[in-house]
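Worksheet: the structure to be examined is printed underneath.
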Amino acid sequence: MIRLKVNHKEVELAEGANLMQALLGMGYDIPHLCYYEGLEHHTSCMLCLVKDARTGALMPSCSVKAQPDMEVITDDEEIFEMRQAALDLLLSDHVGDCEAPCTKACPAHMNIPLMIRKLQEGKTDEALAVVMTDIALPGVLGRICSAPCEKICRRKDIDEPVSICLLKRYAADFGQYAPPFDPDPALQGKKLAVIGAGPAGLAVAYHARLRGLDCTIFEKAPLAGGQLRAIDEAILPKAVLDREIAFIKSTGVRFELGKAIDKAAFLHLRERFDAVVVAAGPMEEQMRDWGIETYQQGILANRSTYETNLPGVFAIGSVLKPMKMAIKSLGHGKEASYSAIQYLKGEKVKGEPGIFNSRFGRILPEEVQEFLKESTDHHRAEPIYGLAKGLEPEEVTEEAARCIHCDCRGIESCKLRIYADAYRADQKRFGGEDNRRAVKKVIENGPVLFEPAKCIKCGICVRLTAQHQEAFGMTFIGRGFDIEVGVPFNELLQKGLDEIAGEVVRACPTGALAFNAKSIKK
């Protein structure tokens with residue numbers, strides 16, 4: 001054993017031990033993309049940089065062996081900046097969206113591509129579960145939403161956008177849903193009052209209740225729903241609205257209907273409850289006496305957290321300013337639930353968590369056929385029995401198949417995205433959309449989809465297939481800046497990943513390799 005110092009603390013290690021492995025074993029957070037346990041190191045990403053405290057030199061810890069009397073610094077301002085620059089360089093040549101444009105355009109940030117994939121597979125219940133993770137009133141929205149997601153759908157660059165709202169409506173009308181209760185022990189006994197049972201109020205109570213908050217909605221009208229009840233029955237049947245409100249009630253949300261809230265009642269709510277959300281629709285003049293800061297159009301609140309000037313009081317929906325889009329009010333409700341929970345847990349109130357999102361812009365003409373490899377060339381399906389009836393099952397399958405899947409399949413595990421967020425990386429620092437690589441999709445009948453433009457050339461797939469002695473495997477093709485990863489001799493992807501497709505896909509740090517079948521050869 002040898003002695004050395006890490007961040008000025010003396011430690012013991014086996015002489016010659018890999019420094020990065022040792023640091024990771026000691027609990028230090030050393031970012032890495034090209035390292036994979038069990039493989040020889042391939043120093044390329046340069047994220048694992050640490051500093052020699054004696055000389056100030058930076059060194060990639062994955063290729064350094066522990067030596068006696070070393071003095072290692074694992075993180076400081078210079079190391080942070082160099083890791084950030086390394087990520088900026090990697091991202092400048094990484095072409096792919098983390099979240100699809102439709103998801104980013106949706107005020108509730110629903111995972112639309114995942115819902116569509118579930119519908120295409122005939123998994124209606126699972127599709128509805130995806131929707132209700134973010135949207136409290138899916139059947140309502142499936143009928144009245146102005147569909148900002150469809151306005152930015154990339155399929156529109158080819159012909160017509162996917163009928164996202166009709167697909168969502170089908171999931172709501174025919175799916176069976178069990179709410180994913182995930183109670184937070186820190187919220188036990190905490191109570192939230194919601195003023196207003198319109199879409200914003202219903203949404204904040206629904207999302208907060210699933211996390212374990214005791215929620216009560218106070219509504220001056222005899223029925224919940226707010227302005228949704230004024231919509232023509234031919235457009236939004238009351239039975240649909242009542243069904244979805246009843247579902248929210250079934251989660252344990254309590255309703256106090258016919259209870260108008262004036263100044264005295266508001267002050268009493270603040271005493272009885274741990275937090276209050278004002279979601280009462282367009283602001284009434286009497287609210288100006290509640291002690292909440294207001295302006296001409298409504299209540300003043302932080303745009304990100306919905307906090308008002310009163311501690312523990314939040315404001316959402318049309319009480320902030322007039323709103324015509326119910327989906328925006330529902331989005332406010334979902335986002336405010338995070339803020340209320342953070343406040344009640346004594347945490348810094350930040351609102352809904354966000355993370356870095358890679359984007360590549362419009363589809364180029366030469367990329368159309370690449371995207372159609374995962375889609376069909378059918379035009380947008382129009383309900384055979386009209387909009388009031390909605391899509392038939394066979395139309396759902398046909399329309400879902402039109403999605404070109406421009407999101408990332410590895411979004412939950414993509415290490416590039418996680419590190420880019422942690423180090424505040426800038427994708428446009430060293431390049432932009434004007435000179436990006438063209439998107440290509442290598443998709444065959446095998447289990448794997450490969451998108452070379454997402455590849456950062458970490459070499460993990462090359463080393464893994466070599467270690468497992470794949471007949472063809474993956475290799476580096478070309479030289480210099482033009483080097484790419486692919487299967488040698490222009491062979492099919494499935495031949496390159498004949499034996500260990502599963503491990504290779506799971507090892508990919510960016511989502512460049514993704515599963516393309518329900519089962520894979522291990």
>> Neighbour counts of other C-beta atoms within 10 Å: give me I316, I460, I231, I195 arranged from fewest to most.
In response: I231, I460, I195, I316
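Antiparallel DSSP bridges in the chain: what percent, to the nearest 5? Walk me through the numbers on the way to the answer.
On the way: 21 of 39 bridges.
Just about 55 percent of them are antiparallel.
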>> Can you sort E352, E399 from fewest to most other Cβ atoms within 10 Å of each residue's own Cβ?
In response: E352, E399
> Normalised by the number of residues in the chain, what is the relative contact order in percent for Cα pairs under 8 Å and 6+ residues apart?
Replying inline: 16 percent
> Across region 157-168, in residue order, what do the Karplus-derived ³J(HN,Hα) couplings come to in whole Hz, using 6.51 cos²θ - 1.76 cosθ + 1.60 with θ = phi - 60° and x for Gly and Pro?
Replying inline: 5, 9, 8, 10, x, 5, 6, 4, 5, 5, 5, 4
> Per residue, how much space in cubic angstrom lies within the convex hull of the C-alpha atoms of region 287-394?
Replying inline: 218 Å³
>> In whole Hz and in residue order, list the ³J(HN,Hα) couplings for region 466-482 that follow from phi through the Karplus curve 6.51 cos²θ - 1.76 cosθ + 1.60, θ = phi - 60°; x for Gly and Pro.
In response: 5, 4, 8, 6, 4, 4, 10, x, 10, 8, 8, 10, x, 9, x, 5, 8
>> With the cut-off at 1.5 for a/c, could you classify the chain from its C-alpha gyration tensor as rounded, prolate or oblate?
In response: oblate
>> Under the rule a/c < 1.5 gives rounded, and otherwise a/b versus b/c splits prolate from oblate, where does region 1-127 land using the Cα gyration tensor?
In response: prolate
> Using modelled backbone amide H atoms (1.01 Å from N, in-plane), which distant-in-sequence or interchain residues come within less than 5 Å of V448's amide H?
Replying inline: N516
> What's the center-to-center distance, using Cα atoms, between region 476-492 and region 121-182 in Å?
Replying inline: 40 Å
> Of the peptides 402-409, 11-18, how do they stack up when ordered by the mean number of other Cβ atoms within 10 Å, highest first?
Replying inline: 402-409, 11-18
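Roughly speaking, what % of Cα-Cα pairs in region 185-344 are separated by over 26 Å, rounded to a whole number? Intermediate values should be presented prior to the final figure.
Working: 2343 of 12720 pairs.
Taking all Cα-Cα pairs of region 185-344, the fraction more than 26 Å apart is 18 percent.
Give the peptides 253-259, 233-239 in descending order of average Cβ contacts within 10 Å, highest first. Can you show the working numbers first?
On the way: 253-259: 15.9, 233-239: 12.3.
With the highest mean Cβ count within 10 Å placed first, the list reads 253-259, 233-239.
Once you sort the root eigenvalues of the Cα gyration tensor of region 306-461 as a ≥ b ≥ c, which label holds: rounded (a/c under 1.5), prolate (a/b larger than b/c) or oblate (the other case)? Walk me through the intermediate numbers first.
Values: a/c = 2.40, a/b = 1.27, b/c = 1.89.
Since a/c reaches 1.5 but b/c is at least a/b, the shape of region 306-461 is classed as oblate.
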> Hey, how many Å between the Cα centroid of region 316-367 and the Cα centroid of region 30-48?
Replying inline: 35 Å
>> Tell me the net charge near P237. Cut-off is 10 Å between Cβ atoms, P237 excluded, with +1 for each Lys or Arg and -1 for each Asp or Glu.
In response: 0
>> Percent of Cα-Cα pairs more than 18 Å apart in region 436-515, please.
In response: 32 percent
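Compute the FRET efficiency between E444 and E366 as 1/(1 + (r/R0)^6), taking r as their Cβ-Cβ distance and R0 = 22 Å, and round to the nearest 0.05.
Numbers: r = 20 Å, r/R0 = 0.93.
Computed FRET efficiency for E444 and E366 comes out at 0.60.
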> Among the aspartates and glutamates, which have Cα under 12 Å from the Cα of K345 when same-chain residues fewer than 8 positions away are ignored?
Replying inline: D184, D274
>> Using each residue's phi in region 78-83, evaluate 6.51 cos²θ - 1.76 cosθ + 1.60 at θ = phi - 60° and report the 3J(HN,Hα) Karplus result to the nearest Hz, with x for Gly and Pro.
In response: 5, 4, 4, 5, 5, 5
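Just how many pairs of Lys in region 96-216 have C-alpha atoms closer than 17 Å, counting pairs that are eight or more places apart or on different chains? Provide the component values of the computation, followed by the final result.
Values: K104/K151; K104/K156; K104/K168; K118/K168; K123/K168; K151/K168.
Step by step, the pairs that qualify in region 96-216 add up to 6.
Using a 10 Å cut-off around each Cβ, can you sort L24, L464, L137 from fewest to most neighbouring Cβ atoms? Mind dumping the intermediate values first?
Values: L24 17, L464 21, L137 31.
Least to most surrounded, the residues fall as L24, L464, L137.
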> What value, in deg cm²/dmol to 500, does the helix sum -39500 (n - 2.57) over DSSP H runs of n ≥ 4 give at 222 nm once divided by the residues of the chain?
Replying inline: -9000 deg cm²/dmol
> Working out 0.36 nm times the residue gap between R380 and I152, then minus their Cα-Cα distance, what length gain in nm do you get to one decimal?
Replying inline: 80.6 nm
> Among all the lysines, which ones have a C-alpha under 19 Å from K5's C-alpha, if same-chain residues fewer than 8 places away are not counted?
Replying inline: K51, K65
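Coordinate-derived values only; no laboratory data. Keep in mind that what you see is a predicted model, and the values were worked out from it rather than measured. FYI the Cβ positions are ideal-geometry reconstructions off the backbone, even for glycines, and counts take in every protein chain you see.
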